[in-house]
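So the structure is just underneath, and the comments pick up after that.
The values are calculated or read from the model by the stated rules, or taken from the named source; none is laboratory data. For clarity, every value in this text was computed on a predicted model and none was experimentally measured. Note that we place each Cβ from the backbone using ideal geometry, even for glycine, and neighbour counts take in every protein chain shown. The protein model used for the area step is the full one, side chains on, heavy atoms only, and it has no ligands, DNA or RNA in it. Shrake-Rupley method; radii C 1.70, N 1.55, O 1.52, S 1.80 Å.
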Amino acid sequence: MKCLCTILGILFAFAGPISADQITLFGRSFDKSLAIYGSFTVPPDPTERARDNAKFELYVKPSITLHKFSDTTALVGYSTLAIIGNAEGHDYDNKVTFLVGAEIQHCLSPAVRLSFGAHLKSELEFATRVTRTRAVLAADLNHYKTSEPKWIKTRLRDGSRLVLSGWANYRYPGSLHATEKHNGLLQGSLKLAVSVPFKDTRMAIAPFMSIKAKADHKGRAFNNVLEPAIGIDLKIPFRQSGEIAVGTKAVYQWRHATGTSASGILGYVKWYKEF
């Protein structure tokens, strides 16, 4: 953790004036952004042991565009500070993490972005005071597209739209624990929603169906999951590029490594704001 903070300290020592969209380092200007996002979920998953638990996550992610190879490809540097907690105090979900890294981002289309890179990550467990640091290889895919098919235009309120969103990532290793040193983790999610304006407000009601999947090299039960769900969100925009989602979903979880399953109803609040 100390070495990561030192790296940031060196960068800020050479930083010049900061504008709304750019930062000056070593006499050069770079595009920058800051994303703050997180969630509060009750219970955190549908398994029996999680029924009386709750989980909180908060992420702060600044990034700068170090070099643009073209209009669609760039080298981006980033860091992420995360605070994760749960009501029952489980070590694996009760910690602070920090990482700093770089990635090549490539936009396949306005709706699809790929990225490949690596980061150095550290974590501190609050209860045990155990710290870990490791380099992690990373690959990500993000998709977000809206459309207004004819059936939506003719049957729903003006401003309604179909939203297809998804993400996938691969991490090697998938965890900083020593036992996971040589275990990679692949996971992803796909969500189809119909967003309908709520009366005469800026809010929207969005019923959805989704599917989430995880798999790792070593067949860990908790890392090999298929999870379809149906639910509904209330989307509440705030300021520019900000949104709060309050929702609930019915989830079925199948752990394909062990053949076990669980189901339940989850409630959550999620938020996202980009500066």
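By how many nm would the segment from ALA102 to SER261 grow when fully extended, if each residue of separation counts as 0.36 nm and the alpha-carbon distance is taken off?
Working: separation 159, 0.36 × 159 = 57.24 nm, distance 3.77 nm.
Gain on extension, ALA102 to SER261, equals 53.5 nm.
Could you tell me what a quarter of the Cα convex hull surface of the stretch 82-190 works out to, in nm² with one decimal place?
On the way: hull surface 39.2 nm².
The number I arrive at for the stretch 82-190 is 9.8 nm².
What is the gain in length, in nm to one decimal, between ALA221 and THR131 on full extension, counting 0.36 nm per residue of separation less the C-alpha to C-alpha distance?
Values: separation 90, 0.36 × 90 = 32.40 nm, distance 2.46 nm.
Extra length from ALA221 to THR131 when fully extended: 29.9 nm.
Could you tell me the accessible area of TYR170 in Å² (1.4 Å probe, neighbours in place), rounded to the nearest ten?
70
Compute for the stretch 211-275: radius of gyration divided by Kirkwood radius, i.e. Rg/Rh, restricted to C-alpha atoms, rounded to two decimals. It would help to have the intermediate numbers written out before the result.
Values: Rg = 15.5 Å, Rh = 13.7 Å.
Ratio of gyration radius to Kirkwood radius: 1.14.
So what is the relative contact order of the chain, in percent, for Cα pairs below 8 Å that sit 6 or more residues apart? Provide the component values of the computation, followed by the final result.
Working: 698 pairs, mean separation 36.2, N = 275.
It rounds to 13 percent for the chain.
Pop a pseudo-label 7 angstrom from the Cα along the beta-carbon direction at both ALA250 and ARG51 and give the gap in nm to one decimal.
Result for the modelled spin labels: 1.8 nm.
Run the Debye formula on the Cα coordinates of the chain, all scatterers equal and no solvent, and tell me log10 I(q)/I(0) at q = 0.08, 0.11, 0.14 1/Å.
So the normalised log intensities are -0.39, -0.75, -1.24.
Considering the Cα positions of the stretch 20-60, please state its Rg to one decimal place and its Dmax as a whole number of Å.
Cα only, the stretch 20-60: 18.8, 56 Å (Rg, Dmax).
Send over the semi-axes of the stretch 123-263's equivalent ellipsoid, whole angstrom and largest first, taken as the square roots of 5 times the C-alpha gyration tensor eigenvalues. Don't skip to the answer; put the middle values down first.
Values: eigenvalues 255, 68, 43 Å².
Three semi-axes, in Å: 36, 18, 15.
Could you sort TRP271, TRP151 by their accessible area in this structure, using a 1.4 Å probe and putting the largest first? Please report the intermediate quantities before stating the final value.
Values: TRP271 65, TRP151 120 Å².
From most accessible down to least: TRP151, TRP271.
Can you spot the lysines whose alpha carbon is less than 23 Å from LYS181's alpha carbon? Ignore those fewer than 8 places along the same chain.
LYS2, LYS95, LYS121, LYS214, LYS218
State to the nearest 20 debye the size of the charge dipole of the chain about its Cα centre, where the only charges are +1 on K and R beta carbons and -1 on D and E beta carbons. Working shown, then result.
On the way: 35 positive and 23 negative charges, 65 e Å.
That gives the chain a dipole magnitude of about 320 debye.
Quick one: accessible area per residue over the chain, 1.4 Å probe, rounded to a whole number of Å²? Mind dumping the intermediate values first?
On the way: 15660 Å² over 275 residues.
Solvent-accessible surface per residue comes out at 57 Å².
Give me the one-decimal nm value for the distance between modelled label points at LEU120 and TYR170, 7 Å along each residue's Cα-to-Cβ direction.
2.5
If packing is taken as the average number of other Cβ atoms within 10 Å across a peptide's residues, how do 72-78, 240-246 rank, most packed first?
Values: 72-78: 17.0, 240-246: 14.3.
My ranking of the peptides, most packed first, is 72-78, 240-246.
Evaluated at 20 °C with a viscosity of 1.002 mPa s, what Stokes-Einstein diffusion coefficient in µm²/s does the stretch 142-186 have when Rh comes from the Kirkwood expression over alpha-carbon pairs?
Values: Rh = 13.6 Å.
Answer, rounded: 157 µm²/s.
Given charges of +1 on the Cβ of Lys and Arg and -1 on the Cβ of Asp and Glu, with all other atoms neutral, how large is the dipole of the stretch 66-188 about its Cα centre, in debye to the nearest 20? Could the numbers behind the result be given before it?
Working: 15 positive and 11 negative charges, 90 e Å.
The dipole magnitude comes to about 440 debye.
First select every other residue whose beta carbon is under 10 angstrom from the beta carbon of GLU88; then total the charges, Lys and Arg +1, Asp and Glu -1.
Summing Lys/Arg as +1 and Asp/Glu as -1 gives 0.
Across every pair of different alpha-carbon atoms, what Kirkwood hydrodynamic radius in Å does the stretch 42-132 reach?
Details: mean 1/r = 0.0650 Å⁻¹.
Radius from the Kirkwood sum: 15.4 Å.
Please enumerate, by chain and number, the aspartates and glutamates with C-alpha under 12 Å from the C-alpha of LYS199, excluding those fewer than 8 residues away in the same chain.
Cross-link targets: ASP158.
How far is the Cα center of the stretch 209-275 from the Cα center of the stretch 141-179, in Å?
12
Within the chain, what whole-number % of the accessible surface is contributed by carbon and sulfur, with the 1.4 Å probe and all protein chains included in the calculation? List each step's numbers first, then the result.
Numbers: 9640 of 15660 Å².
Reported share for carbon and sulfur atoms: 62 percent.
Near LYS68, which aspartates and glutamates are there with a Cα under 16 Å away, not counting those fewer than 8 places off in the same chain?
Hits, sequence-local ones excluded: ASP21, ASP31, GLU103.
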